[in-house]
Amino acid sequence: MAWLQALMMLAVATLGLAHAAGGARELSYRFRFHPQQSRIDVELRFQGDSDGRTVISVPQRWAGADDLDRGIERLQVVGTEAALLPSSHSDERVLRHPPNAPITLRYSLRQINSGPLHAQHFYSPLLLADYFHFVGHAGLVLPDWSGSHPIDVSLDWQGIGGETVANSFGVGSASQRVRVRLAELAHAVYLGGAVRLLRREVGGRPVFVALRDRWDFSDETFADEVSDIIAVERDFWRDHDFPHYLVSALPLDSPGTTIGFGLTNAFTVALSRQFSPAQAEGWRQVQQLLAHEHQHNWTPGRLGVKPARELRFYWFTEGFTDYYTWLLLLRAGKVDLEAYVAEVNRNLRTYYGSAALYADNDQVEREFFTDYSVQRLPYRRGELLAQRWNAEIRAASKGQQSLDDVMHALLATRGDGRRELSPILVANFLRRAGVANPSADINRHIELGEPVLPRGDELGPCVRVEWVPRVRYSLGFDLEATKANQRMTGVVADGPAGRAGVREGEPLLDGSFGVSDPEWEVHLQLLRNGGSEEVSYLPQIEEAEQMAQYRVDGEALARSPDSCYAWFGARPPQPGGTER
């Protein structure tokens, strides 16, 4: 019996070790904001690993930003016998310490960039005299603990005074205790200081909107738009299990620009200051951004875990997100059928006009963060395949099912949420729903890069496909020489810039040159008549090669608007208007 007692003791000890490595671990953060120095001092406490070696993760790369470690200053270990040593990986440090020793780390978080806030600065910490805003990926030093077990985390905020504290885990409390996974802690937003905080209720759950600075829209208008869009997406997924949700918005000094990302219990956006509901096309960019970022709560969010090589799967996590972004805006009455089709056409022009149209998935993975043309491909490819597969499912089921049923099935079978998403998994669900050969479609159009060509039935019985001259991206001048000379150089008289009135040799004061996208408007500030004059145009030229564009059949829409909209699961707009 002694062997049995020893075996039982070993099992208990093993379970104890597993518990310590999983749910028993704790982290304690103390943040002190120094407004006058635009700095946050951070103290992190935890128990070191039992083998006397703990690896520490330091912010460095995230979402294409690769210099985030510049914002982490004076990282040091204090008060123990521990030593903080370099690692062979630049985003790691190694702590050597007595087994299970209490560890205290301290560092300062500073803003990396100065001057106006542009899109490329969005992923870095923002630390001003009266305000801070950062994402955990860019501001939190973390122990590199493996496993996905939740841990207890305390967050204490000092130096805020009577101003607001808000983050992915709550609003208004300077002392928080939460139980989360490390990945959720890193993928969270943290802000505080002089911020305007609005509250809305969606399905009986609070949604907080944090605004900084001013735009050409009111706080109330923006908060109402946020709550409207959140409501329609949660209704679609039949999922209102969000005890707390935060949306933060920052102003951008780049004209005509929107950018955002979905986070833990939150999403963050940055918008050019001039956006206004009075400008329908520009406001649709705002609506699209809000809907896209909130949609990430499910794709991939609650559907499962992203694969390790997630860029190869962006056709689903981003492309399907774009598909449902515009579809649900249509169902919500935020856009009508003509506006919906116009957005589909704009995306088609971007896709067919891309310099990287034939890039395979290896190139997408390799150049996603360095070439904007490559970056947009998975968005467009996934959206086009979603349209095609939705039409196939509707045809196979005689209109009884759609891609919606596939998405709902993926959510219903997620289990504990730790299932890994994959092309094979998605293809299996599509095949069961009636798609003939989704695996072949994925291989042909995603892996090999063969262009997705519309067949004509993707947008229902009231929308026709036409073939028109393809547009290709072209600035119409020599960008590098113009930047070097600060004068317009190499202007092609009958090119996009020349047709917009730009003349060779004109002094250039400033410019937003787009991002290799024929649908991304170029803005030039030129010196004319002793003052600044703006010239804007689309950087595109027509080619002989054909591309697809959709057209709403006006007669069919007038004859039977209900059936035209019903194909999309929507209803026609009512008299008086449903678009905000």
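Tell me, please, whether a residue that is in a loop (DSSP other than H, G, I, E, B) and under 22 Å from E545 (Cβ atoms) can be found in the stretch 370-384.
Yes, the stretch 370-384 contains at least one residue that is in a loop (DSSP other than H, G, I, E, B) and under 22 Å from E545 (Cβ atoms).
Is it true that some residue in the stretch 44-66 is assigned to a loop (DSSP other than H, G, I, E, B), among the charged types (D, E, K, R) and open to solvent by less than 50 Å² (accessible area, probe 1.4 Å)?
So far as the stretch 44-66 goes, yes, one or more of its residues are assigned to a loop (DSSP other than H, G, I, E, B), among the charged types (D, E, K, R) and open to solvent by less than 50 Å² (accessible area, probe 1.4 Å).
Quick one: which of G514, G498, G530 is open to solvent by 30 Å² or more (accessible area, probe 1.4 Å) and either touching a strand residue (DSSP E or B) at 6+ places or on another chain (Cβ under 6 Å) or more than 23 Å from Y372 (Cα to Cα) (or both)?
Testing whether each residue is open to solvent by 30 Å² or more (accessible area, probe 1.4 Å) and either touching a strand residue (DSSP E or B) at 6+ places or on another chain (Cβ under 6 Å) or more than 23 Å from Y372 (Cα to Cα) (or both) leaves just G530.
Sort out which residues of the stretch 26-38 are of a type outside the set (A, V, I, L, M) and buried (at least 18 other Cβ atoms within 10 Å of the Cβ), and write them in order of number.
If the condition is that a residue be of a type outside the set (A, V, I, L, M) and buried (at least 18 other Cβ atoms within 10 Å of the Cβ), then Y29, F31, F33, P35, S38 are the ones that fit.
Would you mind stating whether R200 is farther than 30 Å from F513 by Cβ and modelled with pLDDT of 95 or more?
Against the criterion (farther than 30 Å from F513 by Cβ and modelled with pLDDT of 95 or more), R200 qualifies.
Among what's in the stretch 445-467 and is among the charged types (D, E, K, R) and assigned to a loop (DSSP other than H, G, I, E, B), pick the residue that is nearest to N390 (Cα to Cα).
The extreme case among them is E458.
Contact list please: Cβ distance under 7 Å, first residue in the stretch 321-334 and more than 15 Å from H408 (Cα to Cα) and outside any helix (DSSP H, G or I), second residue open to solvent by 10 Å² or more (accessible area, probe 1.4 Å) and hydrophobic (A, V, I, L, M, F, W, C), pairs at least six apart or on different chains.
Cβ pairs passing all conditions: A332/V232.
Scanning the stretch 408-426 for residues that are touching a residue at least 24 places away in the same chain (Cβ under 8 Å) and part of a loop (DSSP other than H, G, I, E, B), which turns out most open to solvent (accessible area, probe 1.4 Å)?
R418
Could you please give the count of residues in the stretch 179-201 that are assigned to a strand (DSSP E or B) and surrounded by fewer than 20 Cβ atoms within 10 Å (Cβ to Cβ)?
Summing the residues that are assigned to a strand (DSSP E or B) and surrounded by fewer than 20 Cβ atoms within 10 Å (Cβ to Cβ) in the stretch 179-201 gives 8.
Examine the stretch 32-39 for a residue that is assigned to a helix (DSSP H, G or I), more than 20 Å from Y123 (Cα to Cα) and touching a strand residue (DSSP E or B) at 6+ places or on another chain (Cβ under 8 Å), and state whether such a residue exists.
yes
Have a look at S154, S114 and point out the one that is touching a residue at least 60 places away in the same chain (Cβ under 8 Å) and surrounded by fewer than 19 Cβ atoms within 10 Å (Cβ to Cβ).
S154
Tell me yes or no: at least one residue of the stretch 375-389 is open to solvent by 20 Å² or more (accessible area, probe 1.4 Å), in contact (Cβ under 8 Å) with a residue 12 or more places away in the chain, farther than 13 Å from Y323 by Cα and polar (S, T, N, Q).
So far as the stretch 375-389 goes, no, none of its residues is open to solvent by 20 Å² or more (accessible area, probe 1.4 Å), in contact (Cβ under 8 Å) with a residue 12 or more places away in the chain, farther than 13 Å from Y323 by Cα and polar (S, T, N, Q).
Quick check on Q387: is it in contact with a helix residue (DSSP H, G or I) (Cβ under 6 Å, 6 or more places away or on another chain) and at negative phi?
Spelling it out, it is not the case that Q387 is in contact with a helix residue (DSSP H, G or I) (Cβ under 6 Å, 6 or more places away or on another chain) and at negative phi.
Just to be sure, is A138 at pLDDT below 95, of a type outside the set (D, E, K, R) and surrounded by 21 or more Cβ atoms within 10 Å (Cβ to Cβ)?
So A138 fits the description; yes.
So which of D144, D130 is modelled with pLDDT under 95, of a type in the set (D, E) and closer than 28 Å to E420 by Cβ?
D144
Please list, ordered by first then second residue, the pairs with beta carbon atoms under 6 Å, 6 or more apart or interchain, first in the stretch 543-559 and under 29 Å from D494 (Cα atoms), second of a type outside the set (A, V, I, L, M, F, W, C) and in a strand (DSSP E or B).
E543/R470; E543/R472; E545/R470; M547/R470; Q549/E466; R551/R464; R551/E466
The rows are residues; the columns are (1) farther than 24 Å from S373 by Cα; (2) of a type outside the set (A, V, I, L, M, F, W, C); (3) outside any loop (DSSP other than H, G, I, E, B).
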position: V406; (1), (2), (3): yes, no, yes
position: R431; (1), (2), (3): yes, yes, yes
position: S439; (1), (2), (3): yes, yes, yes
position: N443; (1), (2), (3): no, yes, yes
position: P469; (1), (2), (3): no, yes, yes
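Of the residues R106, R74, R70, R93, which is assigned to a helix (DSSP H, G or I) and more than 27 Å from L246 (Cα to Cα)?
R70
Being closer than 22 Å to S28 by Cβ and of a type in the set (S, T, N, Q) is the filter; apply it to the stretch 100-111 and report the residue that is most open to solvent (accessible area, probe 1.4 Å).
N100
Just checking: which of the strands (runs of 3 or more DSSP E) contained wholly in the stretch 226-309 hold 2 or more residues that are open to solvent by less than 30 Å² (accessible area, probe 1.4 Å) and touching a helix residue (DSSP H, G or I) at 6+ places or on another chain (Cβ under 6 Å)?
Fully inside the stretch 226-309 and qualifying: 258-263, 266-272.
Every residue in the stretch 74-99 that is more than 30 Å from Q375 (Cα to Cα), surrounded by 13 or more Cβ atoms within 10 Å (Cβ to Cβ) and of a type outside the set (A, V, I, L, M), please.
Matches in the stretch 74-99: T80, S87, R93, R96, H97.
The values are calculated or read from the model by the stated rules, or taken from the named source; none is laboratory data. Note that the coordinates shown come from a computational prediction; the quantities given were computed from them, not determined experimentally. For neighbour counting, all protein chains shown are included, and Cβ atoms are generated from backbone atoms with ideal geometry for every residue, glycine included. Ligands, DNA and RNA are stripped out before the accessible areas are found, and what is left, the full protein with its side chains, is counted by its heavy atoms. Shrake-Rupley method; radii C 1.70, N 1.55, O 1.52, S 1.80 Å.
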